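Below: one structure, written as structure tokens.
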Amino acid sequence: MCALPEGTWMKNRPYPLKELLLARFREFCREPEVIFWVYGFPLLLAVGLGIAFRNRPMEQIYVDVEQHASAEAVAGHLRKSPGFVVAIHSAVECRERLRLGKSSIIVEPGETYTFVYDPTRPESALARQRVDDVLQRSAGRRDPINTRENQVQEAGARYIDFLVPGLIGMNLMGSGMWGVGFVIVDMRVRKLLKRFIATPMKRSDFLWSMVGGRMLFMFPELVIILGAGALFFGVSVRGSLFAIFMISLIGALCFSGLGLLVACRAQHIETISGLMNLVMLPMWLFSGVFFSADRFPAVIQPFVQALPLTQLNNALRAVILEGAPLATQAVRLSVLLLWGGVSFLIALRWFRWN
Amino acid sequence: MQSTAIRCRNLRKQYRTRNGAVDAVNGLDLEVWQGECFGLLGPNGAGKTTTIEILEGLLEATSGEVEVMGMRWGENDDDLRQRIGISLQETRLPEKLSVLEILTLFRSFYRDGNEPAAIMEAVGLTEKARAWVGKLSGGQRQRLAVACALVGNPGLVFLDEPTTGLDPQSRRQLWGIIRDLGRQGRTTLLTTHYMDEAERLCDRVAVVDHGKVIALGTPTELIRTLGAEHVVEFGVGDVRQPSMERLSALPAVREVRGDPNGIALTVGEPHVTIPALLRLLGEENLTLARLTTRHASLEDVFVRLTGRHLDEEQTVSA
């Protein structure tokens, strides 16, 4: 141990904001769990949901025909049409198979045909229409209008196309809240905030480093989710990448502000976890991450539309799915900026450093 | 005439709790001189941390005057922060940053200061420069906390309980570092509830109890107030105890007090007292179970002033 030599000044004094950002960056990169929750989890969610809701080939219709003199003839008509799987069974067996879901409908031939089915089962309701159609036509029905089919299966209209922008929005919200709110309360619990204000550190440098850190970590999130969507599911982006980037940036800014607000007084990890869930839960439910927010009744639409995540998701979908230019999203982005700005100002006013 | 580094007058800090107001600091006066190592010694809950945090500008006093390096909090905050170094009682620095990274971060907050490399050398952490805080021992973490207080090359250093909970070797290492501060001409204000620490490190000590200074002086002066410099402690192997009056009458005895584990006599000359004590025990038909002598310490001063021990709940009957 030796005494400090006098006057060992640093030639190049490091910049506090840069050092604070570097510290945030290093801590983030050295925390494998955080990396997983921020980058790995949304990826798994996208892949999982994408597979679960992938477009399936046209469904087969399972029809049982009850034993009867004309059973073979009825079965024959049905078999001639595509998409039917037809079997002939005794009355008892037919009922049993319907009950177990092995068939969707029973046809009891005779003077009149009787359809036995459960109208609350969607596949049975569909089967009833199709079976009736085929049997009527084979008996000589002529349709008064000629119809033609033009089947479309286009990228951009599938569930996964709808889902990807929602996941980006949800992730920006989650990591903004956790990445700012949780981190700040953790620092408060550790008395690190107090230690920082015991130095001449500018408080604004600290707060900017938190927000700046979010801006930095947001970019890989965006690339990973969009990239995975494109790679695994062929999700294509119709609008400009710049527009998506700008919208995400404003979204991240907005949720950093909210994160700062929920963290501004909380003294315990449990408090902040609860507060963040309280803030995020309505947005998970109402902001159209997994299904369109338009489905909610008109009465609650003003509330739904006021949520920042709704606006972020809408803006992202408009650009990614519809190719809308950035300028058309100005109103939505203003809502986000308003949320972020007001939160930030209130947080500054109420922030507890000790 | 010495110049003053810290001056505070009639300092009060009141906390509101569910059971009414509690005075953590209750009319405390203090004057710390430039270049000295000054100790606030007192038991847990005496108001040491509240006092030091008010002086550090981290807490606001309910009333009273505080002047640090000729400046006041609320008027010259940035100047003050640039010139003082602080180690809080408990700071858990980021676990996943290295020693060098943390010191560079803290260094960036100060206009002038020392190279992190020089600081690491001074506190013996050079070999740990690239080690993460999470991998450091308790003593190394505490040295890092002190290092963070030194990056700005401060003229005044505040250390709140710098060695609490450390093993003896780590404590000695920190004592070395704290003594170096004095040699470099820095003023140090530290709080402790270890009397040996105060005796070894501090030029002057203020004994604090219930938010007030109850004694002030160099460790030697304070011990001298006991009127005698030695303590003879003994215990008897019987249920009966020797009579207090007869013990007080023994030659060279200044004071007698009973502890749960025996009796302590403050004496001027142990070689005069001990033979007389042995004779007395013989006359009263008591068997001596143990006998030790030691120099009187600040602990004895504290016990004499308050009737309590510094770091235990143990009470003393006079």
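The values are calculated or read from the model by the stated rules, or taken from the named source; none is laboratory data. A quick note: this is a predicted structure, and the numbers were derived from the prediction, not measured. Here the Cβ is made from the backbone with ideal geometry for all residues, glycine too, and neighbour counts use every protein chain on show.
With respect to B:Val25, is the statement that it is of a type outside the set (S, T, N, Q), assigned by TED's automatic domain parsing to the domain that holds B:Val207, within 23 Å of B:Gly182 (Cβ to Cβ) and buried (at least 19 other Cβ atoms within 10 Å of the Cβ) true?
No: the conditions fail for B:Val25.
Being within 12 Å of chain A (Cβ to nearest Cβ), over 20 Å from B:Arg171 (Cα atoms) and either assigned to a loop (DSSP other than H, G, I, E, B) or in contact (Cβ under 8 Å) with a residue 12 or more places away in the chain (or both) is true for just one of B:Glu75, B:Glu95. Which residue is that?
Details: B:Glu75 fails: within 12 Å of chain A (Cβ to nearest Cβ).
Within the list B:Glu75, B:Glu95, the selection yields B:Glu95.
So is A:Ala139 under 30 Å from A:Ala228 (Cβ atoms) and without any contact (Cβ under 8 Å) to a residue 40 or more places away in the chain or not?
Details: under 30 Å from A:Ala228 (Cβ atoms): no; without any contact (Cβ under 8 Å) to a residue 40 or more places away in the chain: yes.
Judged against the criteria, A:Ala139 is not a match.
Give me a count of the residues in the range B:135-150 that are aliphatic (A, V, I, L, M) and more than 13 Å from chain A (Cβ to nearest Cβ).
Adding up the residues that qualify gives 1.
Taking the range B:105-132 on its own, how many of its residues are under 16 Å from B:Arg143 (Cα atoms) and of a type in the set (Phe, Trp, Tyr)?
Selection size over the range B:105-132: 2.
Do we have any residue at all in the range A:258-270 that's under 19 Å from the mean Cα position of the chain (by Cα), buried (at least 21 other Cβ atoms within 10 Å of the Cβ) and under 27 Å from A:Gly212 (Cα atoms)?
Among the residues of the range A:258-270, not one is under 19 Å from the mean Cα position of the chain (by Cα), buried (at least 21 other Cβ atoms within 10 Å of the Cβ) and under 27 Å from A:Gly212 (Cα atoms), which makes the answer no.
When both residues are 6+ apart or on different chains and their Cβ atoms are under 7 Å apart, which pairs have a first residue that lies in the range A:23-47 and is closer than 16 Å to B:Leu97 by Cα, and a second that is among the aromatic types (Phe, Trp, Tyr)?
Final answer for the pair search is A:Phe28/A:Phe217; A:Val34/A:Phe28.
Specify which of the listed residues (A:Gly212, A:Gly174, A:Gly166) is part of a helix (DSSP H, G or I), of a type in the set (Gly, Ala, Ser) and crowded, with 23+ Cβ neighbours inside 10 Å.
Within the list A:Gly212, A:Gly174, A:Gly166, the selection yields A:Gly166.
Consider the range A:54-70. How many of its residues are modelled with pLDDT under 90 and not in a loop (DSSP other than H, G, I, E, B)?
Residues of the range A:54-70 that are modelled with pLDDT under 90, as a first pass: A:54-61, A:68-70.
If we keep only those that are not in a loop (DSSP other than H, G, I, E, B) as well, we get A:61.
Counting residues in the range A:54-70 that are modelled with pLDDT under 90 and not in a loop (DSSP other than H, G, I, E, B) gives 1.
Restricting to the range B:78-92, name every residue that is facing chain A (nearest Cβ under 7 Å), crowded, with 21+ Cβ neighbours inside 10 Å and closer than 17 Å to B:Arg186 by Cα.
B:Arg81, B:Ile86
Picking from B:Ser63, B:Ser98, B:Ser3, which residue would you name as being modelled with pLDDT of 95 or more and not β-branched (Val, Ile, Thr)?
Just a single option satisfies the conditions, and that option is B:Ser98.
Over 30 Å from B:Glu36 (Cβ atoms), assigned to a loop (DSSP other than H, G, I, E, B) and aliphatic (A, V, I, L, M), is that true of B:Val239?
Against the criterion (over 30 Å from B:Glu36 (Cβ atoms), assigned to a loop (DSSP other than H, G, I, E, B) and aliphatic (A, V, I, L, M)), B:Val239 qualifies.
Kindly indicate which of A:Val299, A:Val279, A:Val331 is within 16 Å of A:Ser256 (Cα to Cα), among the β-branched types (Val, Ile, Thr) and surrounded by fewer than 21 Cβ atoms within 10 Å (Cβ to Cβ). Before the answer, list the steps.
Numbers: A:Val299 fails: within 16 Å of A:Ser256 (Cα to Cα); A:Val331 fails: within 16 Å of A:Ser256 (Cα to Cα).
Just one listed residue meets the conditions, A:Val279.
Yes or no: A:Ile51 exposed (fewer than 14 other Cβ atoms within 10 Å of the Cβ) and either in contact (Cβ under 8 Å) with a residue 12 or more places away in the chain or part of a helix (DSSP H, G or I) (or both)?
Criteria met by A:Ile51.
Cβ-Cβ under 7 Å, sequence separation 6+ or interchain: first residue in the range B:51-62 and within 12 Å of chain A (Cβ to nearest Cβ), partner in a helix (DSSP H, G or I). Which pairs?
B:Gly57/B:Asp77; B:Gly57/B:Leu80; B:Leu58/A:Lys194; B:Leu59/B:Thr50; B:Leu59/B:Glu53
Which of the residues spanning the range B:112-134 are within 12 Å of another protein chain (Cβ to nearest Cβ) and under 16 Å from B:Pro94 (Cα atoms)?
Correct list: B:Trp132, B:Val133, B:Gly134.
Restricting the search to the range B:99-111, which residues are crowded, with 19+ Cβ neighbours inside 10 Å and facing chain A (nearest Cβ under 9 Å)?
Result: B:Glu101, B:Ile102, B:Thr104, B:Leu105, B:Phe106, B:Arg107, B:Ser108, B:Phe109, B:Tyr110.
Please go through the range B:172-213 and give me each residue that is surrounded by fewer than 22 Cβ atoms within 10 Å (Cβ to Cβ) and more than 14 Å from every other protein chain (Cβ to nearest Cβ), ordered by number.
B:His193, B:Tyr194, B:Asp196, B:Glu199, B:Arg200, B:Asp203, B:Arg204, B:Asp209, B:His210, B:Lys212, B:Val213
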